[in-house]
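S.K.: Before we start, here is the structure in question, set down as structure tokens.
The values are calculated or read from the model by the stated rules, or taken from the named source; none is laboratory data. Since the model is a prediction, treat every value here as computed from it, not as a measurement. Cβ placement follows ideal geometry from the backbone for every residue including glycine, while neighbour counts extend to all protein chains displayed. For accessibility, only protein heavy atoms count, side chains too; no ligands or nucleic acids. Shrake-Rupley method; radii C 1.70, N 1.55, O 1.52, S 1.80 Å.
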Amino acid sequence: MNRHPGSVRLMLVRAALVLAASLLTVTFWPAAPPASAASIESLAQRYTTTFYPLWLTQTQFDVAPHNRLIGPDTISPLYQGVVAINDDTLYGSSPVDTSAGPVMVTVPRTPVSYSVLLLDAYGNVYPSAIPSKQAGVATPTTLYALTAPGYRGPVPARATRVSLPHPFMILIFRADRFSKNVDQTAQAAVFRQSLLMQTYSAWQANPAGGATAVRSVAEFALPVKTMADTLVNTAPVVFLQQLQRAVGNSSRVPPLSRADRALSDAFNRVFAGGGDPAVWPAVSAGARAAHGALIANYQNHRDRNNWIHFTNMGKWGTNVLDRASLNEYIQFGNGISTAAYYHTFRDGTGAPLDGANTYVLTFPKSQIPKASRFWSLTAYTPNAIEMIPNPINKYLVAGYTPGLRYNPNGSLSIYISRVKPPGVPEANWLPVGFRPFNVMLRFYGVIPGSSVANNTYVPPPVWRR
């Protein structure tokens, strides 16, 4: 694609907003008795904060095929369908709808390492009966039958029956491109494409069908986060109408708790599907306030070196503000036992990172990242958290990066800049653009008992050079 990334992004946002509006089905609830503007604003803020992740997943579920694993042929700045994507793994994912019967998944034997992530529409992480695998661990090809809770019907005799916590879930496979610092991208690609998923009826007709569909990255360009940010701030009534539709979609959303049901009912009565313009100013203010609060909650969650790190990813309990914040910045993240994420928008002095400068991140020998699968550093655009276009199409520096050079004292320096600094090995250079940016440090395969696992690890600061 020859168009400038900014113009492509603008066209995608416009097209996506039209799509979102076309998918909207407005339901009108009886209006509630008059309430004060302040109480309506507070109600709208609580409603938006509590259910914010559902706007993102509803939009994604509306366009993604169900019960069919798909993945991009490559990762590039055009990929905007999920927040904070990385280039370390090959993806195969699908919404899983077991309401009409079992869904069959065949996981092939492979030499590569991969992880399996099972989530609900909020991004809550659940234990997966399909196990993740380390490189070098032999596991046979296995057939699984995913079923809705309480399903007692037939499944194939050779299948491992897996009862999902909810009829509608999200299943994500991530196959590592490098295992033990060895490039296994080709084997990972074979594994991903050999993953099979299909409904039970389709499996009965063709057990070898349902292979993972590898698609052009352009098919994953729907800018979901940018759409949410734009709508909630420029057309909050429309955003809330769409959020209302998502909350009311009982086929996709786990059953609401008593408190969440009461909150939803109270908001439905006041908002009345957007049918009462008199409440629009107050609900709009509440939605905008919620969005500002979830951003502030994330951005201000910094350690002494200005890195942002949460340990409750996918296990938020009743902390709906953290849940909203993390869906905004790291959607579909793994739990802390699988992966850890450290994110910074600032250098060691607290100044925002900016592509006009050159930065260096030096890990002392004792602080060089360690993980059982891999660690990597990725740069992102400031708001959408997308990869940054660069002339050499390089989007990360990782422990497995070929040619990575360590300093004479055993430390490791990564240089972050628009142009490679003189004398710096290309392997140690993370390209960025002209604009402000942020970087994320990932640990995949958190080592039990490590400082990362114990939440005592603090990455060194990023310094302006």
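S.K.: Mind listing whichever residues of the range 256-265 are surrounded by 16 or more Cβ atoms within 10 Å (Cβ to Cβ) and of a type in the set (A, V, I, L, M)?
M.R.: The initial filter retains those residues of the range 256-265 that are surrounded by 16 or more Cβ atoms within 10 Å (Cβ to Cβ), namely 256, 260, 263-264.
Within the range 256-265, LEU256, LEU263 qualify.
S.K.: Taking the range 80-111 only, how many residues are of a type outside the set (Ser, Thr, Tyr) and touching an Asp or Glu at 6+ places or on another chain (Cβ under 6 Å)? Walk me through how you get there before you give the answer.
M.R.: Filtering the range 80-111 for residues of a type outside the set (Ser, Thr, Tyr) gives 80-88, 90, 92, 95-97, 100-105, 107-109, 111.
Narrowing the set further to residues that are touching an Asp or Glu at 6+ places or on another chain (Cβ under 6 Å) leaves 80.
Summing the residues that are of a type outside the set (Ser, Thr, Tyr) and touching an Asp or Glu at 6+ places or on another chain (Cβ under 6 Å) in the range 80-111 gives 1.
S.K.: Then there is this: For the range 422-451, enumerate the residues that are open to solvent by less than 10 Å² (accessible area, probe 1.4 Å) and within 20 Å of GLY348 (Cα to Cα).
M.R.: Scanning the range 422-451 gives ASN428, LEU430, PRO431, VAL432, PHE437, ASN438, VAL439, MET440, LEU441, ARG442.
S.K.: Can you find a residue that is in contact with a His (Cβ under 9 Å, 6 or more places away or on another chain) and either assigned to a loop (DSSP other than H, G, I, E, B) or open to solvent by 40 Å² or more (accessible area, probe 1.4 Å) (or both) anywhere in the range 321-336? Write out each step before concluding.
M.R.: Filtering the range 321-336 for residues in contact with a His (Cβ under 9 Å, 6 or more places away or on another chain) gives 322, 324-325, 328-330.
Among the residues that remain, those that are also either assigned to a loop (DSSP other than H, G, I, E, B) or open to solvent by 40 Å² or more (accessible area, probe 1.4 Å) (or both) are: 330.
The answer is yes; a qualifying residue exists.
S.K.: Could you check SER366 against (1) free of Cβ contacts under 8 Å to residues at least 12 places away in the same chain; (2) of a type in the set (S, T, N, Q); (3) within 24 Å of TYR47 (Cα to Cα) and say which number it fails?
M.R.: Evaluating SER366 over (1) free of Cβ contacts under 8 Å to residues at least 12 places away in the same chain; (2) of a type in the set (S, T, N, Q); (3) within 24 Å of TYR47 (Cα to Cα) leaves (3) as the failure.
S.K.: To continue, here is another question. In a loop (DSSP other than H, G, I, E, B) and either under 14 Å from the mean Cα position of the chain (by Cα) or of a type in the set (S, T, N, Q) (or both), is that true of THR106? Quick ask: steps written out before the conclusion?
M.R.: Details: in a loop (DSSP other than H, G, I, E, B): no; either under 14 Å from the mean Cα position of the chain (by Cα) or of a type in the set (S, T, N, Q) (or both): yes.
Spelling it out, it is not the case that THR106 is in a loop (DSSP other than H, G, I, E, B) and either under 14 Å from the mean Cα position of the chain (by Cα) or of a type in the set (S, T, N, Q) (or both).
S.K.: Do we find that ILE172 is closer than 30 Å to ARG245 by Cα, among the β-branched types (Val, Ile, Thr) and either in contact with an Asp or Glu (Cβ under 8 Å, 6 or more places away or on another chain) or modelled with pLDDT of 95 or more (or both) in this structure? Outline the logic, then answer.
M.R.: Values: closer than 30 Å to ARG245 by Cα: yes; among the β-branched types (Val, Ile, Thr): yes; either in contact with an Asp or Glu (Cβ under 8 Å, 6 or more places away or on another chain) or modelled with pLDDT of 95 or more (or both): yes.
For ILE172, the condition - closer than 30 Å to ARG245 by Cα, among the β-branched types (Val, Ile, Thr) and either in contact with an Asp or Glu (Cβ under 8 Å, 6 or more places away or on another chain) or modelled with pLDDT of 95 or more (or both) - is met.
Here's the yes/no breakdown for (1) of a type outside the set (S, T, N, Q); (2) at positive phi; (3) touching a strand residue (DSSP E or B) at 6+ places or on another chain (Cβ under 7 Å):
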position: ILE40; (1), (2), (3): yes, no, no
position: LEU43; (1), (2), (3): yes, no, no
position: TYR52; (1), (2), (3): yes, no, no
position: LEU56; (1), (2), (3): yes, no, no
position: ARG68; (1), (2), (3): yes, no, yes
position: SER76; (1), (2), (3): no, no, yes
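S.K.: Just checking, how many residues over the range 364-401 are over 14 Å from ASP88 (Cβ atoms), surrounded by fewer than 20 Cβ atoms within 10 Å (Cβ to Cβ) and not hydroxyl-bearing (Ser, Thr, Tyr)?
M.R.: So the answer is 13.
S.K.: For a quick check of your reading of the model, give me the residue pairs whose first member lies in the range 247-262 and is in a loop (DSSP other than H, G, I, E, B), whose second is open to solvent by 60 Å² or more (accessible area, probe 1.4 Å) and modelled with pLDDT of 95 or more, with beta-carbon atoms closer than 8 Å and at least 6 apart or on different chains.
M.R.: Pairs found: SER251/SER99.
S.K.: Restricting attention to the range 324-356, report how many residues are touching a helix residue (DSSP H, G or I) at 6+ places or on another chain (Cβ under 6 Å) and either of a type in the set (Lys, Arg) or over 17 Å from GLN45 (Cα atoms) (or both).
M.R.: Result for the range 324-356: 1.
S.K.: Would you call MET227 under 20 Å from the mean Cα position of the chain (by Cα), open to solvent by less than 40 Å² (accessible area, probe 1.4 Å) and at pLDDT 95 or above? Working first, answer last.
M.R.: Values: under 20 Å from the mean Cα position of the chain (by Cα): yes; open to solvent by less than 40 Å² (accessible area, probe 1.4 Å): yes; at pLDDT 95 or above: yes.
Spelling it out, MET227 is indeed under 20 Å from the mean Cα position of the chain (by Cα), open to solvent by less than 40 Å² (accessible area, probe 1.4 Å) and at pLDDT 95 or above.
S.K.: Does any residue of the range 345-353 turn out to be surrounded by fewer than 21 Cβ atoms within 10 Å (Cβ to Cβ), in contact with a Ser or Thr (Cβ under 7 Å, 6 or more places away or on another chain) and not in a strand (DSSP E or B)?
M.R.: no
S.K.: When you go through LEU78, LEU54 one by one, which is the residue that is open to solvent by 30 Å² or more (accessible area, probe 1.4 Å), more than 19 Å from TRP280 (Cα to Cα) and touching a residue at least 12 places away in the same chain (Cβ under 8 Å)?
M.R.: Working: LEU54 fails: open to solvent by 30 Å² or more (accessible area, probe 1.4 Å).
Going through LEU78, LEU54 in turn, the sole match is LEU78.
S.K.: Could I ask something else about it? If I ask for residues that are open to solvent by 10 Å² or more (accessible area, probe 1.4 Å) and of a type in the set (A, V, I, L, M), which ones from the range 267-296 would you list?
M.R.: Those that are open to solvent by 10 Å² or more (accessible area, probe 1.4 Å) and of a type in the set (A, V, I, L, M): VAL270, ALA278, VAL279, ALA282, ALA285, ALA289, ALA293, ILE295, ALA296.
S.K.: Any chance the range 112-120 includes a residue that's in contact with a helix residue (DSSP H, G or I) (Cβ under 8 Å, 6 or more places away or on another chain), touching a residue at least 12 places away in the same chain (Cβ under 8 Å) and either surrounded by fewer than 18 Cβ atoms within 10 Å (Cβ to Cβ) or not in a loop (DSSP other than H, G, I, E, B) (or both)? I'd like the intermediate steps shown before the answer.
M.R.: First, pick out the residues of the range 112-120 that are in contact with a helix residue (DSSP H, G or I) (Cβ under 8 Å, 6 or more places away or on another chain): 112, 114.
Right, trim to touching a residue at least 12 places away in the same chain (Cβ under 8 Å) and you get 112, 114.
Of the ones still in play, those that are also either surrounded by fewer than 18 Cβ atoms within 10 Å (Cβ to Cβ) or not in a loop (DSSP other than H, G, I, E, B) (or both) are 114.
Yes, the range 112-120 contains at least one residue that is in contact with a helix residue (DSSP H, G or I) (Cβ under 8 Å, 6 or more places away or on another chain), touching a residue at least 12 places away in the same chain (Cβ under 8 Å) and either surrounded by fewer than 18 Cβ atoms within 10 Å (Cβ to Cβ) or not in a loop (DSSP other than H, G, I, E, B) (or both).
S.K.: May I ask you to list pairs of residues, at least six apart or on different chains, whose Cβ atoms are under 8 Å apart, with the first in the range 449-463 being at positive phi and the second being of a type outside the set (A, V, I, L, M, F, W, C)?
M.R.: Listed by first residue and then by second, the contacts come to ASN455/HIS309; ASN455/THR311.
S.K.: All but one of (1) under 30 Å from VAL107 (Cα atoms); (2) open to solvent by less than 20 Å² (accessible area, probe 1.4 Å); (3) not basic (Lys, Arg) hold for SER251; which doesn't?
M.R.: SER251 satisfies every listed condition except (2).
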